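Trainee: The structure under discussion is supplied below as structure tokens; questions concerning it will follow.
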Amino acid sequence: MSSTIKLTTKRQATFPAKVCEQLGLKPGDEIDLKPRVDNGKQLWVLQKRCTPPRPWLGSLRAYAKNASGHSIKSMRDSIVRSRAPKL
């Protein structure tokens, strides 16, 4: 399959829908362009940029397991208590 992409005066390009589908691209995705030389020809490899992993996501789940008192009411009560003037 061959596709042609034309650049606008602002150097923007629109990829054909079939190319986006094959690359798994959706609006808002970022693409990495990597230069490569193959048989003396300069080529550019397109690769969808993967979202970096978020190791912190869910990291506090173990602390909340089997914990009671995590209702919205108990959290609000705790905030009120902490803001109360100390006598």
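Trainee: Between residue 5 and residue 61, how high is the FRET efficiency from 1/(1 + (r/R0)^6) when r is the Cβ-Cβ distance and R₀ = 41 Å? Nearest 0.05.
Mentor: It comes out at approximately 0.35.
Trainee: Here's another thing I want to ask about it. Run the helix sum for the chain: -39,500 (n - 2.57) per DSSP H stretch of 4+ residues, divided by residue count, reported at 222 nm to the nearest 500 deg cm²/dmol. Write out the running numbers ahead of the final one.
Mentor: Values: 3 runs with 23 residues, N = 87.
Estimated from H runs of four or more residues: -7000 deg cm²/dmol.
Trainee: Given Cα pairs under 8 Å that are at least 6 residues apart, what percent is the relative contact order of the chain? Before the final figure, lay out each step's value.
Mentor: Numbers: 46 pairs, mean separation 12.7, N = 87.
Dividing the mean separation by the residue count of the chain yields 15 percent.
Trainee: Something else: Explain nothing, just the number: relative contact order of the range 1-50, from Cα pairs under 8 Å at least 6 residues apart, as a whole percent.
Mentor: Numbers: 45 pairs, mean separation 12.9, N = 50.
Reported relative contact order: 26 percent.
Trainee: Exposed loop trypsin sites (Lys or Arg not before Pro) only (DSSP loop, at most 14 other Cβ atoms within 10 Å): please give the longest stretch of the chain free of them, not including the sites. All intermediate terms of the calculation are to be shown ahead of the outcome.
Mentor: Details: sites that count: 6, 10, 11, 49, 65, 86.
Answer from the scan: 12-48.
Trainee: Setting aside same-chain residues fewer than 8 positions from residue 26, which lysines have a Cα under 23 Å from its Cα?
Mentor: Cross-link targets: 6, 10, 18, 34, 48.
Since every read-out is calculated from the coordinates, none of them should be taken as a lab result. Computed from a predicted structure; not experimentally measured. So basically every Cβ, Gly included, is an ideal-geometry build from the backbone, and we count neighbours across all protein chains shown.
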